[in-house]
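The values are calculated or read from the model by the stated rules, or taken from the named source; none is laboratory data. Keep in mind that what you see is a predicted model, and the values were worked out from it rather than measured. Cβ atoms come from the backbone with ideal geometry, glycine included; neighbour counts cover every protein chain shown. Side chains included, ligands, DNA and RNA excluded: accessible areas come from the protein's heavy atoms. Shrake-Rupley method; radii C 1.70, N 1.55, O 1.52, S 1.80 Å.
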Amino acid sequence: MSGEMTAAFHMADVRNKRITRRRAVAVGELLAGPVAYPLIVERRLPKGDAMVMAEIAGLQGAKMASALMPLCHPLALELVRVYCEPVPERLAIRVWCECASEARTGVEMEALAGINAALLTLYDLSKPVEPALEISGIRLLFKEGGKSGLWLHPQGMNDAERERFQPRAPKGLQGARCAVVTLSDRASRGEYADESGPRLAQGLRAQGGEVVSELVLADGIEPLATQLRSLATNGIRLCLCTGGTGLGPRDLAPEALQSLGGRRVDGLAQMLRSLSAQHTQMAWLSRAEVVQLGDMLIFALPGSPRAAAQCLDILAPVLGHALAMIDGGGHA
């Protein structure tokens, strides 16, 4: 035996993904026609109440997703809700399946499995009175959580669906003026090209921020502290510093932030370490620091491009709210 893996398929490795709150809603319809539709709605089918049984079957189907699809990760679902609603203008029964969990991967397949089980049950209970049935329009309505945040199907959803499920996107930075500062003796001397700063700037723009300053400074307390004071007086609302948070003798970014005399935001610093540890245990060696200086939030993040980008992903759901709180328009 060569020991080589030759399988044509493999389950996705999600071990290095972060556990986040996930939710997905799927939708579909049974087109029942003029014969079966009134019997379903009036709960007079010979096999019994089709909509109640469909909701029960949807619950079971969502929980069995990984048994039905070989590459689907088994998940501990924390919420499954199935709704059936008559649609008179199409003589249809519309069904929704909502699933939620805290996991490293999404729950969209569970929602879709629930929809299929519910619709097939409606079909099974209705076919004795009308064999000409049709299952239609099965799709993911939206999903939220994880790195991609909120995803909405291009076909959208109606007002009633928005009111019922209230999909939530991160607040975003809404044009806030931002700065990125890379701390590295070698990068400041031009010995290598900085990658962390540009990745952070790209991430801030993706969240709706306006990046007005990108700097590379040598390690040390005073150069960074002086620059941060200048940024604060020039209307910068959010500054991400990358590098200088380790245990080396020149890793002085936290000391620079502390020297400003601003308000320490220990909760956000602890959030960065705790959630980054889901990617690597080395996160506990980071001295990540967060300080509020006037109207500006300053973050001292790790120096590696990957770690810095992961930290920004962790912060994405809360940055907009944090700035709103500083302005007096938000709440914890």
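The table that follows gives values for the structure above.
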{"quantity": "Output for the range 177-189, where each listed residue is surrounded by fewer than 18 Cβ atoms within 10 Å (Cβ to Cβ) and either in contact (Cβ under 8 Å) with a residue 60 or more places away in the chain or basic (Lys, Arg) (or both)", "calculated": "185, 186, 189"}
{"quantity": "Members of the range 47-63 found to be at pLDDT 95 or above and open to solvent by 80 Å² or more (accessible area, probe 1.4 Å), listed by number", "calculated": "53, 56, 60, 63"}
{"quantity": "Condition met for residue 280 (of a type in the set (Ser, Thr, Tyr) and in contact with a strand residue (DSSP E or B) (Cβ under 7 Å, 6 or more places away or on another chain))", "calculated": "no"}
{"quantity": "Residue that is most open to solvent (accessible area, probe 1.4 Å), among those in the range 295-332 that are touching a Gly at 6+ places or on another chain (Cβ under 6 Å) and over 16 Å from residue 196 (Cα atoms)", "calculated": "321"}
{"quantity": "All positions within the range 88-122 that are within 19 Å of residue 53 (Cβ to Cβ) and surrounded by fewer than 20 Cβ atoms within 10 Å (Cβ to Cβ)", "calculated": "94, 120"}
{"quantity": "Some residue of the range 258-269 being of a type outside the set (Val, Ile, Thr) and touching a Pro at 6+ places or on another chain (Cβ under 8 Å)", "calculated": "no"}
{"quantity": "Count - residues of the range 149-160 that are among the small types (Gly, Ala, Ser) and open to solvent by 50 Å² or more (accessible area, probe 1.4 Å)", "calculated": "1"}
{"quantity": "Search result, residues across the range 190-213 that are free of Cβ contacts under 8 Å to residues at least 12 places away in the same chain and either more than 20 Å from residue 295 (Cα to Cα) or hydroxyl-bearing (Ser, Thr, Tyr) (or both)", "calculated": "190, 191, 192, 193, 202, 206"}
{"quantity": "Positions within the range 28-46 being open to solvent by 40 Å² or more (accessible area, probe 1.4 Å) and either in contact (Cβ under 8 Å) with a residue 24 or more places away in the chain or touching a helix residue (DSSP H, G or I) at 6+ places or on another chain (Cβ under 7 Å) (or both), in sequence order", "calculated": "31, 34, 35, 41, 46"}
{"quantity": "Hits in the range 11-27 - residues which are over 17 Å from residue 310 (Cα atoms) and either surrounded by 15 or more Cβ atoms within 10 Å (Cβ to Cβ) or of a type in the set (Gly, Ala, Ser) (or both)", "calculated": "12, 22, 23, 24, 25, 26, 27"}
{"quantity": "Hits in the range 68-87 - residues which are more than 18 Å from residue 17 (Cβ to Cβ) and open to solvent by 80 Å² or more (accessible area, probe 1.4 Å)", "calculated": "68, 70, 81"}
{"quantity": "Identity of the residue in the range 256-272, open to solvent by 20 Å² or more (accessible area, probe 1.4 Å) and in contact with a Lys or Arg (Cβ under 9 Å, 6 or more places away or on another chain), that ends up farthest from residue 303 (Cα to Cα)", "calculated": "260"}
{"quantity": "Number of positions in the range 145-155 that are out of contact with any Phe, Trp or Tyr (no Cβ under 8 Å at 6 or more places or on another chain) and either within 23 Å of residue 207 (Cβ to Cβ) or at pLDDT below 90 (or both)", "calculated": "6"}
{"quantity": "Residue match in the range 280-294 (condition: over 30 Å from residue 15 (Cα atoms) and either crowded, with 22+ Cβ neighbours inside 10 Å or among the hydroxyl-bearing types (Ser, Thr, Tyr) (or both))", "calculated": "yes"}
{"quantity": "Near pairs, Cβ below 8 angstrom, 6+ apart or cross-chain, from the range 283-305 (in contact (Cβ under 8 Å) with a residue 12 or more places away in the chain and within 14 Å of residue 246 (Cα to Cα)) to any residue that is part of a loop (DSSP other than H, G, I, E, B) and of a type in the set (Lys, Arg)", "calculated": "300/287"}
{"quantity": "Qualifying residue in the range 223-238 (condition: out of contact with any helix residue (DSSP H, G or I) (no Cβ under 6 Å at 6 or more places or on another chain) and closer than 30 Å to residue 20 by Cβ)", "calculated": "yes"}
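Yes or no, residue by residue, for (1) of a type in the set (Lys, Arg); (2) surrounded by 19 or more Cβ atoms within 10 Å (Cβ to Cβ); (3) closer than 19 Å to residue 22 by Cβ; (4) more than 20 Å from the chain's Cα centre (by Cα):
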| residue | (1), (2), (3), (4) |
| --- | --- |
| 126 | no, yes, no, yes |
| 134 | no, no, no, yes |
| 139 | yes, no, yes, no |
| 144 | no, yes, yes, no |
| 147 | yes, no, yes, no |
| 162 | yes, no, no, no |
